[in-house]
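Please read the structure below before turning to the comments.
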Amino acid sequence: MSAGAVAAAPAGPWCAAGRARTAARHGAPLLPALATVLLLCAPADAARDTPLGTVTPADAASAVLVAVCGLRLLRHRPRPLGRTAALVLGAPGAALALATVTSADPAASLPGLVRHLQVFVLVPAALLLTLRDARDFRVLAGALVLLALVQGAIGVHQYLTATGASYMGREVRAVGTFGPRDVMGMATAVGYGLTAALALGLAPGPRAPRWQRPAALASAAVLTVPLAVSFGRGAWIATAAAGAAVLLTAGARVAVPALAVLTATAVVLVGGAGTGSDLLGERVASIGAVSAAPDRSVTDRYALWAAAAGIWRDHPLTGAGLKQFPAERDGHASLGLSSGGDTAGAGVAFRREPLLSPHNMYLLALSEQGLIGAAALVGGWAVLLVCGVRRLRAARRARRATDCGLAATGLLVRQAVDFLSADIGGPSTVLTAVTLGLVGWWALAPGRWPVPGGGTAAR
């Protein structure tokens, strides 16, 4: 044995330890982001009421994510945001500040300012600066899938054992750990996870393990069951639109067989779980009756939309101010609007929840932020979509991180469609911020392209 070999032998364990420390340092910046997602598995009663509103453990983790990112910026001075990213994130921040300053009650609007900045500016910016490569993207997307599987399993158990939220007089609505006060929280988490799993399964990276494709596609199929028993029509439509976007952008050669397998598996699972009940059939049929014969919830939603439009007409440029929709609602709503929605079940006593938003993010932005705020938000999402699709096309030609592009496109489509029947609010809102951060990294990460296996390469 040569002297060089002898000298190198004892260094093996030390080299391994060094590699382990390097890997730990590489993964450490991502821990707050993972905690932000996975802490949403905590039960709803873990939330705490503060002067700024209800704060959950996931919200606290998102604050840590922003703080850690800020400290890294001060200490290491990494690459700044590109001009497009600064505009997409900065314009909503300026519009939100303007809406707060011009509000009839600026003090009451401050909690709304903090919440909107968290969801649309700070957390997305922190993720854009924290995610370093496609591997980080895949890890965080995998966390979305894991959250969806956990919440979905709890939701299906609630449905099968009649321990969920009340629906049509029966406690069968799957809500996961979010509880009846955030009745669509589980459906939101499951929708994100299903979209991410479908993308990761259709186009796994070149170094992905063999089990990733079947595991991801199986997860997507399994998640159709809790999505179905959430009884959320808006969540169904938004997730279907996201799935269609992922399949269309993946290409017919990959999408057609995958769609056939997913459909067959989902039908077997849904039927086997007993979800082909009269309740589910009536809920599906009601999608086509929202205009001809709307139910009480749809009638209230139409009234809220009309009220939001009326508020915007009175405050066209800067809106009534953040958190001002409830104060302005009754002056613009029709007499047919009910006083609130009934919530019960899942271990929570009956209570009547007030209708504090129009359940449409676009109309909420118009009514509270005016044309300036709505244009800043929606315009930024349009830029993300255009830049993301362009990067996805280039990535497909170069065979680089196509799974990340598919996931980002699907998540953005799902969010845009979901905002037609929902807005921010509740513990699951932080997932919107995480989603926008993932989409923003894919669309706007300056000067670097994802490459196979998880690294990056300069353009």
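Quick notes on this structure:
- The set of residues in the stretch 165-182 being under 18 Å from Leu223 (Cβ atoms) and surrounded by 24 or more Cβ atoms within 10 Å (Cβ to Cβ) consists of Arg173, Ala174, Val175, Gly176, Phe178.
- For the stretch 95-122, a tally of residues being of a type in the set (Val, Ile, Thr) and more than 11 Å from Gly373 (Cβ to Cβ) returns 4.
- Residues of the stretch 94-104 that turn out to be within 21 Å of Ala382 (Cα to Cα) and either open to solvent by 20 Å² or more (accessible area, probe 1.4 Å) or at pLDDT below 95 (or both), as a count: 1
- Boolean, Leu89 is more than 19 Å from Leu39 (Cβ to Cβ), not aromatic (Phe, Trp, Tyr) and not in a helix (DSSP H, G or I): no
- Across the stretch 294-306, a minimum of one residue is classified as open to solvent by 20 Å² or more (accessible area, probe 1.4 Å) and modelled with pLDDT of 90 or more.
- Considering residues of the stretch 322-365 that are of a type in the set (S, T, N, Q) and at pLDDT below 85 only, the residue nearest to the chain's Cα centre (by Cα): Thr343
So that you can scan it fast, the table gives a plain yes or no per residue for (1) in a helix (DSSP H, G or I); (2) closer than 24 Å to Ala242 by Cα; (3) open to solvent by less than 50 Å² (accessible area, probe 1.4 Å); (4) of a type in the set (Val, Ile, Thr):
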site: Arg135; (1), (2), (3), (4): yes, yes, no, no
site: Ala141; (1), (2), (3), (4): yes, yes, yes, no
site: Leu144; (1), (2), (3), (4): yes, yes, yes, no
site: Gln151; (1), (2), (3), (4): yes, yes, yes, no
site: Ile154; (1), (2), (3), (4): yes, yes, no, yes
site: Gln158; (1), (2), (3), (4): yes, no, yes, no
site: Thr163; (1), (2), (3), (4): no, no, no, yes
site: Ala196; (1), (2), (3), (4): yes, yes, yes, no
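- The lone criterion from (1) out of contact with any helix residue (DSSP H, G or I) (no Cβ under 7 Å at 6 or more places or on another chain); (2) in contact (Cβ under 8 Å) with a residue 40 or more places away in the chain; (3) part of a helix (DSSP H, G or I); (4) of a type outside the set (S, T, N, Q) left unmet by Ala60 is number (2).
- Cβ-Cβ under 6 Å pairs, at least 6 apart or on other chains, the stretch 199-214 side outside any helix (DSSP H, G or I), far side among the hydroxyl-bearing types (Ser, Thr, Tyr): Ala203/Thr402
- Candidate set: the stretch 366-408, residues that are at positive phi and either modelled with pLDDT of 95 or more or not aliphatic (A, V, I, L, M) (or both); chosen: the one surrounded by the most Cβ atoms within 10 Å (Cβ to Cβ): Gly370
- Search result, residues across the stretch 184-194 that are open to solvent by less than 10 Å² (accessible area, probe 1.4 Å) and not aromatic (Phe, Trp, Tyr): Gly185, Met186, Ala187, Ala189, Val190, Gly191, Gly193
- Ala125 being surrounded by 17 or more Cβ atoms within 10 Å (Cβ to Cβ), touching a Pro at 6+ places or on another chain (Cβ under 7 Å), of a type outside the set (D, E, K, R) and in contact (Cβ under 8 Å) with a residue 24 or more places away in the chain: no
- Among residues of the stretch 222-234 being crowded, with 24+ Cβ neighbours inside 10 Å and small (Gly, Ala, Ser), the one that is farthest from Ala153 (Cα to Cα) is Gly232.
- Residue match in the stretch 159-171 (condition: among the aromatic types (Phe, Trp, Tyr) and touching a residue at least 12 places away in the same chain (Cβ under 8 Å)): yes
- Residues satisfying the stated conditions in the stretch 409-423, i.e. open to solvent by less than 30 Å² (accessible area, probe 1.4 Å) and in a helix (DSSP H, G or I): Thr409, Gly410, Leu411, Leu412, Arg414, Gln415, Asp418
- From the list Leu129, Leu73, Leu87, Leu110, the one residue that fits, being closer than 21 Å to Ile424 by Cβ and out of contact with any Asp or Glu (no Cβ under 9 Å at 6 or more places or on another chain), is Leu110.
The values are calculated or read from the model by the stated rules, or taken from the named source; none is laboratory data. In this text, all values refer to a predicted model and were calculated from it rather than measured experimentally. Every residue, glycine among them, receives a Cβ derived from its backbone with ideal geometry; neighbour counts consider all protein chains shown. The accessibility values were calculated without ligands, DNA or RNA, using every heavy atom of the protein model including side chains. Shrake-Rupley method; radii C 1.70, N 1.55, O 1.52, S 1.80 Å.
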